[in-house]
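Only one structure is covered here, and it is reproduced in the block below.
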Amino acid sequence: MVTIDRPDVLNCFDYLTLLELHDAFHDAGRDPSVDVVVLTGAGERAFCTGADLREQRDVLIPNPQHYYTWMGAFIDVHERLRNIGKPTVARVNGIAVGGGNEFNMACDLAIAVDHAYIRHVGPYHGSVPAGGATQWLPIFVGDRRAREIIWLGEEIPASQAQEWGLYNKVVAPDQLDSAVDAYVARLRQTLPETIRYARTQTNFFKDLAWYQTIHHARDWLAIHTAAPEVHAAVRSFTDKQPLDHNAVRAAHGTPAGAYNTLDTVRCGACGAAGLPAGFAHCGACGVRLGPAAGA
(Lines give C-alpha, C1' and ligand atoms only; values in the text may rest on other atoms or scores of the structure.)
Protein backbone atom coordinates (compact mmCIF):
# COMPACT_ATOMS: atom_id res chain seq x y z
CA MET A 1 0.00 0.00 0.00
CA VAL A 2 1.24 3.48 -0.90
CA THR A 3 0.06 6.17 1.53
CA ILE A 4 0.12 9.94 1.09
CA ASP A 5 1.14 10.75 4.64
CA ARG A 6 0.37 14.43 5.25
CA PRO A 7 -2.84 14.28 7.29
CA ASP A 8 -2.20 17.64 8.97
CA VAL A 9 -2.73 19.34 5.56
CA LEU A 10 -5.41 16.90 4.34
CA ASN A 11 -2.83 14.93 2.37
CA CYS A 12 -2.19 17.63 -0.18
CA PHE A 13 1.04 17.06 -2.06
CA ASP A 14 4.10 19.26 -2.43
CA TYR A 15 7.13 18.72 -4.67
CA LEU A 16 8.83 16.34 -2.21
CA THR A 17 5.65 14.26 -1.94
CA LEU A 18 5.56 13.87 -5.71
CA LEU A 19 9.17 12.67 -5.77
CA GLU A 20 8.47 10.16 -3.00
CA LEU A 21 5.31 8.88 -4.70
CA HIS A 22 7.27 8.39 -7.90
CA ASP A 23 9.86 6.29 -6.07
CA ALA A 24 7.17 4.29 -4.27
CA PHE A 25 5.37 3.45 -7.53
CA HIS A 26 8.69 2.61 -9.17
CA ASP A 27 9.58 0.21 -6.36
CA ALA A 28 6.13 -1.40 -6.35
CA GLY A 29 6.22 -1.85 -10.11
CA ARG A 30 9.53 -3.68 -10.11
CA ASP A 31 8.91 -5.78 -6.98
CA PRO A 32 7.75 -9.27 -8.04
CA SER A 33 6.17 -9.86 -4.64
CA VAL A 34 3.68 -7.01 -5.22
CA ASP A 35 0.63 -8.13 -7.21
CA VAL A 36 -1.71 -5.17 -6.61
CA VAL A 37 -0.95 -1.56 -5.70
CA VAL A 38 -3.32 0.26 -3.33
CA LEU A 39 -3.15 4.06 -3.06
CA THR A 40 -4.63 5.85 -0.05
CA GLY A 41 -4.23 8.80 2.28
CA ALA A 42 -3.30 8.91 5.94
CA GLY A 43 -6.02 9.46 8.52
CA GLU A 44 -9.77 9.45 8.09
CA ARG A 45 -10.56 12.92 6.73
CA ALA A 46 -8.89 13.04 3.33
CA PHE A 47 -7.68 10.80 0.57
CA CYS A 48 -5.84 13.69 -1.08
CA THR A 49 -6.69 17.35 -1.62
CA GLY A 50 -4.40 18.15 -4.51
CA ALA A 51 -1.50 20.56 -4.68
CA ASP A 52 -0.17 22.33 -1.60
CA LEU A 53 -1.22 25.93 -2.29
CA ARG A 54 1.14 27.33 0.33
CA GLU A 55 4.04 25.86 -1.61
CA GLN A 56 2.49 27.30 -4.76
CA ARG A 57 2.30 30.74 -3.11
CA ASP A 58 5.80 30.76 -1.63
CA VAL A 59 7.87 28.85 -4.19
CA LEU A 60 6.15 28.37 -7.53
CA ILE A 61 4.23 31.57 -8.22
CA PRO A 62 7.29 33.82 -7.74
CA ASN A 63 9.13 31.80 -10.41
CA PRO A 64 7.12 30.12 -13.20
CA GLN A 65 10.16 28.01 -14.11
CA HIS A 66 9.83 26.32 -10.73
CA TYR A 67 6.21 25.52 -11.60
CA TYR A 68 7.36 23.94 -14.87
CA THR A 69 9.70 21.68 -12.88
CA TRP A 70 6.96 20.89 -10.34
CA MET A 71 4.53 19.98 -13.10
CA GLY A 72 7.15 17.69 -14.61
CA ALA A 73 7.31 15.79 -11.32
CA PHE A 74 3.50 15.58 -11.24
CA ILE A 75 3.43 14.15 -14.77
CA ASP A 76 6.16 11.64 -13.91
CA VAL A 77 4.14 10.33 -10.94
CA HIS A 78 1.05 9.79 -13.09
CA GLU A 79 3.09 8.12 -15.81
CA ARG A 80 4.60 5.76 -13.25
CA LEU A 81 1.23 4.97 -11.68
CA ARG A 82 -0.66 4.36 -14.92
CA ASN A 83 2.16 2.33 -16.46
CA ILE A 84 2.95 0.34 -13.35
CA GLY A 85 1.99 -2.94 -15.03
CA LYS A 86 -0.19 -4.14 -12.15
CA PRO A 87 -3.77 -3.51 -11.05
CA THR A 88 -4.20 -0.39 -8.94
CA VAL A 89 -6.93 0.38 -6.41
CA ALA A 90 -7.73 3.77 -4.90
CA ARG A 91 -8.64 3.33 -1.24
CA VAL A 92 -10.53 6.61 -0.89
CA ASN A 93 -10.62 7.12 2.86
CA GLY A 94 -11.93 10.70 2.72
CA ILE A 95 -12.34 13.73 0.51
CA ALA A 96 -10.69 13.79 -2.92
CA VAL A 97 -10.20 17.33 -4.17
CA GLY A 98 -8.45 18.53 -7.33
CA GLY A 99 -5.32 16.49 -7.91
CA GLY A 100 -6.60 14.01 -5.34
CA ASN A 101 -9.44 13.03 -7.62
CA GLU A 102 -6.99 12.91 -10.52
CA PHE A 103 -5.06 10.25 -8.58
CA ASN A 104 -8.36 8.47 -7.93
CA MET A 105 -9.14 8.43 -11.66
CA ALA A 106 -5.60 7.31 -12.50
CA CYS A 107 -6.18 4.09 -10.56
CA ASP A 108 -7.97 1.13 -12.14
CA LEU A 109 -10.59 0.67 -9.41
CA ALA A 110 -11.79 2.76 -6.49
CA ILE A 111 -13.56 2.07 -3.21
CA ALA A 112 -14.65 5.06 -1.13
CA VAL A 113 -16.03 5.66 2.34
CA ASP A 114 -19.56 7.02 2.43
CA HIS A 115 -18.55 10.41 3.89
CA ALA A 116 -16.10 11.12 1.08
CA TYR A 117 -16.79 13.64 -1.63
CA ILE A 118 -15.14 14.76 -4.85
CA ARG A 119 -14.58 18.39 -5.72
CA HIS A 120 -12.64 20.40 -8.30
CA VAL A 121 -11.93 24.06 -7.53
CA GLY A 122 -9.12 24.93 -9.96
CA PRO A 123 -10.99 27.73 -11.79
CA TYR A 124 -11.71 29.28 -8.39
CA HIS A 125 -8.07 29.12 -7.25
CA GLY A 126 -6.29 30.29 -10.38
CA SER A 127 -5.64 26.94 -12.03
CA VAL A 128 -7.02 24.59 -14.65
CA PRO A 129 -7.33 20.94 -13.55
CA ALA A 130 -5.47 19.73 -16.63
CA GLY A 131 -3.52 17.04 -14.79
CA GLY A 132 -6.20 14.44 -15.43
CA ALA A 133 -9.56 16.09 -14.70
CA THR A 134 -10.11 17.92 -17.99
CA GLN A 135 -8.85 14.84 -19.83
CA TRP A 136 -10.60 12.06 -17.94
CA LEU A 137 -13.79 13.41 -16.39
CA PRO A 138 -15.55 13.49 -19.80
CA ILE A 139 -14.60 9.81 -20.18
CA PHE A 140 -15.82 8.87 -16.70
CA VAL A 141 -18.98 10.95 -16.38
CA GLY A 142 -19.73 12.47 -19.79
CA ASP A 143 -19.17 15.93 -21.18
CA ARG A 144 -21.94 17.89 -19.45
CA ARG A 145 -21.30 16.38 -16.03
CA ALA A 146 -17.57 16.97 -16.42
CA ARG A 147 -18.23 20.64 -17.11
CA GLU A 148 -20.57 20.78 -14.12
CA ILE A 149 -17.91 19.33 -11.82
CA ILE A 150 -15.14 21.65 -13.06
CA TRP A 151 -17.15 24.81 -13.77
CA LEU A 152 -19.34 24.86 -10.65
CA GLY A 153 -16.83 23.49 -8.13
CA GLU A 154 -19.49 21.83 -6.00
CA GLU A 155 -19.07 18.79 -3.77
CA ILE A 156 -20.05 15.48 -5.37
CA PRO A 157 -21.13 13.12 -2.55
CA ALA A 158 -19.79 9.58 -2.56
CA SER A 159 -23.14 8.04 -3.53
CA GLN A 160 -23.46 10.37 -6.50
CA ALA A 161 -19.83 9.84 -7.48
CA GLN A 162 -20.48 6.11 -7.53
CA GLU A 163 -23.59 6.57 -9.64
CA TRP A 164 -21.60 8.68 -12.09
CA GLY A 165 -18.83 6.05 -12.33
CA LEU A 166 -16.08 7.70 -10.30
CA TYR A 167 -16.14 5.00 -7.61
CA ASN A 168 -16.79 1.27 -8.00
CA LYS A 169 -18.08 0.85 -4.47
CA VAL A 170 -19.03 3.01 -1.49
CA VAL A 171 -18.89 1.53 2.01
CA ALA A 172 -19.04 2.55 5.66
CA PRO A 173 -15.65 3.49 7.16
CA ASP A 174 -15.44 0.29 9.20
CA GLN A 175 -15.91 -1.76 6.02
CA LEU A 176 -13.32 0.01 3.88
CA ASP A 177 -10.36 -2.26 4.59
CA SER A 178 -12.33 -5.48 4.14
CA ALA A 179 -13.77 -4.20 0.86
CA VAL A 180 -10.30 -3.27 -0.42
CA ASP A 181 -8.91 -6.62 0.75
CA ALA A 182 -11.64 -8.42 -1.17
CA TYR A 183 -10.74 -6.55 -4.37
CA VAL A 184 -7.05 -7.27 -3.85
CA ALA A 185 -7.69 -10.97 -3.22
CA ARG A 186 -9.77 -11.20 -6.39
CA LEU A 187 -7.20 -9.33 -8.48
CA ARG A 188 -4.44 -11.62 -7.24
CA GLN A 189 -6.26 -14.47 -8.99
CA THR A 190 -5.72 -12.84 -12.39
CA LEU A 191 -2.79 -13.83 -14.58
CA PRO A 192 -0.04 -11.18 -14.44
CA GLU A 193 0.69 -10.85 -18.17
CA THR A 194 -2.98 -10.99 -19.11
CA ILE A 195 -4.07 -8.35 -16.62
CA ARG A 196 -1.13 -6.14 -17.56
CA TYR A 197 -2.18 -6.07 -21.20
CA ALA A 198 -5.85 -5.70 -20.27
CA ARG A 199 -4.83 -2.53 -18.42
CA THR A 200 -2.98 -1.28 -21.49
CA GLN A 201 -6.06 -1.81 -23.64
CA THR A 202 -8.57 -0.30 -21.22
CA ASN A 203 -6.30 2.71 -20.67
CA PHE A 204 -6.45 3.59 -24.37
CA PHE A 205 -8.83 6.54 -24.21
CA LYS A 206 -7.32 7.86 -20.99
CA ASP A 207 -3.86 7.70 -22.55
CA LEU A 208 -5.08 9.31 -25.76
CA ALA A 209 -6.57 12.29 -23.93
CA TRP A 210 -3.55 12.54 -21.62
CA TYR A 211 -0.79 12.49 -24.21
CA GLN A 212 -2.62 14.89 -26.53
CA THR A 213 -2.84 17.57 -23.83
CA ILE A 214 -0.56 17.12 -20.82
CA HIS A 215 2.67 18.65 -22.14
CA HIS A 216 0.80 21.61 -23.58
CA ALA A 217 -0.88 21.97 -20.17
CA ARG A 218 2.51 21.93 -18.46
CA ASP A 219 3.73 24.87 -20.53
CA TRP A 220 0.52 26.88 -20.26
CA LEU A 221 0.13 26.36 -16.52
CA ALA A 222 3.75 27.40 -15.94
CA ILE A 223 3.24 30.60 -17.92
CA HIS A 224 -0.15 31.29 -16.35
CA THR A 225 1.37 31.02 -12.88
CA ALA A 226 2.62 34.58 -13.35
CA ALA A 227 -0.89 35.93 -14.05
CA PRO A 228 -2.30 38.42 -11.53
CA GLU A 229 -5.46 36.36 -11.07
CA VAL A 230 -3.39 33.40 -9.86
CA HIS A 231 -1.61 35.55 -7.28
CA ALA A 232 -4.90 36.97 -6.04
CA ALA A 233 -6.73 33.63 -5.86
CA VAL A 234 -3.96 31.68 -4.14
CA ARG A 235 -3.31 34.48 -1.68
CA SER A 236 -7.03 34.64 -0.90
CA PHE A 237 -7.11 30.90 -0.15
CA THR A 238 -3.95 30.71 1.94
CA ASP A 239 -4.75 33.90 3.89
CA LYS A 240 -8.39 32.82 4.32
CA GLN A 241 -9.64 36.13 2.95
CA PRO A 242 -12.50 36.61 0.46
CA LEU A 243 -11.44 37.17 -3.14
CA ASP A 244 -12.50 40.47 -4.70
CA HIS A 245 -13.78 39.11 -8.00
CA ASN A 246 -14.70 42.56 -9.29
CA ALA A 247 -11.14 43.76 -8.79
CA VAL A 248 -9.73 40.68 -10.53
CA ARG A 249 -12.04 41.13 -13.51
CA ALA A 250 -11.32 44.85 -13.70
CA ALA A 251 -7.58 44.19 -13.75
CA HIS A 252 -8.04 41.53 -16.41
CA GLY A 253 -10.31 43.50 -18.74
CA THR A 254 -9.44 46.13 -21.33
CA PRO A 255 -10.77 49.64 -20.60
CA ALA A 256 -13.75 50.55 -22.73
CA GLY A 257 -12.77 52.44 -25.84
CA ALA A 258 -9.10 51.48 -25.65
CA TYR A 259 -9.16 50.19 -29.19
CA ASN A 260 -11.00 53.25 -30.50
CA THR A 261 -7.95 55.50 -30.10
CA LEU A 262 -5.94 53.86 -32.91
CA ASP A 263 -5.17 55.89 -36.04
CA THR A 264 -7.34 54.59 -38.84
CA VAL A 265 -7.78 55.18 -42.57
CA ARG A 266 -10.48 54.67 -45.18
CA CYS A 267 -9.93 52.68 -48.38
CA GLY A 268 -10.22 54.95 -51.38
CA ALA A 269 -11.22 52.05 -53.62
CA CYS A 270 -14.08 50.39 -51.74
CA GLY A 271 -14.75 52.88 -48.99
CA ALA A 272 -14.03 50.49 -46.10
CA ALA A 273 -13.46 52.54 -42.95
CA GLY A 274 -11.63 51.91 -39.68
CA LEU A 275 -8.57 50.27 -41.25
CA PRO A 276 -5.46 50.55 -39.04
CA ALA A 277 -3.16 53.18 -40.45
CA GLY A 278 -0.28 50.74 -40.59
CA PHE A 279 -2.05 48.38 -43.00
CA ALA A 280 -0.45 48.10 -46.45
CA HIS A 281 -3.59 46.63 -48.04
CA CYS A 282 -7.31 46.99 -47.50
CA GLY A 283 -8.71 44.14 -45.46
CA ALA A 284 -11.99 44.28 -47.41
CA CYS A 285 -11.03 44.52 -51.08
CA GLY A 286 -7.28 43.86 -50.98
CA VAL A 287 -6.22 46.97 -52.87
CA ARG A 288 -2.91 48.50 -51.80
CA LEU A 289 -3.39 51.43 -49.48
CA GLY A 290 -1.39 54.51 -50.35
CA PRO A 291 -1.24 58.25 -49.94
CA ALA A 292 -4.71 58.52 -51.49
CA ALA A 293 -6.27 56.70 -48.53
CA GLY A 294 -8.18 59.18 -46.44
CA ALA A 295 -8.62 59.24 -42.70
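Key figures
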{"item": "Residues located in region 117-140, provided they are aliphatic (A, V, I, L, M), in contact with a Lys or Arg (Cβ under 9 Å, 6 or more places away or on another chain) and under 19 Å from residue 160 (Cβ atoms)", "result": "137, 139"}
{"item": "In region 155-211, the residues that are more than 20 Å from residue 82 (Cβ to Cβ), of a type in the set (A, V, I, L, M, F, W, C) and crowded, with 17+ Cβ neighbours inside 10 Å", "result": "156, 158, 161, 164, 170, 171, 176, 179"}
{"item": "Region 28-44 residues that are at pLDDT 95 or above and surrounded by 21 or more Cβ atoms within 10 Å (Cβ to Cβ), paired with ones that are polar (S, T, N, Q) and part of a loop (DSSP other than H, G, I, E, B) (beta carbon under 6 Å, 6 or more apart)", "result": "40/93; 41/11; 41/93"}
{"item": "Output for region 158-210, where each listed residue is in contact with a helix residue (DSSP H, G or I) (Cβ under 7 Å, 6 or more places away or on another chain) and either at pLDDT below 95 or of a type in the set (Gly, Ala, Ser) (or both)", "result": "165, 209"}
{"item": "So residue 93, is it more than 22 Å from residue 227 (Cα to Cα) and surrounded by fewer than 22 Cβ atoms within 10 Å (Cβ to Cβ)", "result": "no"}
{"item": "Residue pairs meeting the criteria (Cβ under 6 Å; at least 6 apart or on separate chains; first over 13 Å from residue 115 (Cα atoms) and in the same structural domain as residue 104 (by TED's automatic domain parsing), in region 164-188; second surrounded by 15 or more Cβ atoms within 10 Å (Cβ to Cβ) and at pLDDT below 95)", "result": "none"}
{"item": "Out of 209, 222, sole residue that is over 17 Å from residue 127 (Cα atoms) and aliphatic (A, V, I, L, M)", "result": "209"}
{"item": "Of all residues making up region 128-155, the number that are of a type in the set (Val, Ile, Thr) and more than 25 Å from residue 229 (Cβ to Cβ)", "result": "2"}
{"item": "Lone qualifier among 153, 122, 132, 126 - being among the small types (Gly, Ala, Ser), closer than 24 Å to residue 36 by Cα and within 16 Å of the chain's Cα centre (by Cα)", "result": "132"}
{"item": "Sole residue being surrounded by 13 or more Cβ atoms within 10 Å (Cβ to Cβ), closer than 30 Å to residue 57 by Cβ, modelled with pLDDT under 95 and of a type in the set (Asp, Glu), chosen from 148, 229", "result": "229"}
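Residues are listed down the side, and each one gets a yes or a no for (1) in a loop (DSSP other than H, G, I, E, B); (2) under 30 Å from residue 73 (Cβ atoms); (3) among the polar types (S, T, N, Q); (4) in contact (Cβ under 8 Å) with a residue 60 or more places away in the chain:
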position	(1), (2), (3), (4)
197	no, yes, no, no
201	no, yes, yes, no
251	no, no, no, no
269	yes, no, no, no
278	yes, no, no, no
283	yes, no, no, no
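The values are calculated or read from the model by the stated rules, or taken from the named source; none is laboratory data. Quick caveat: nothing in here was measured; it's all calculated off a predicted structure. A quick note on method: Cβ atoms are made from the backbone with ideal geometry, for glycine too, and the neighbour counts reach across all protein chains shown.
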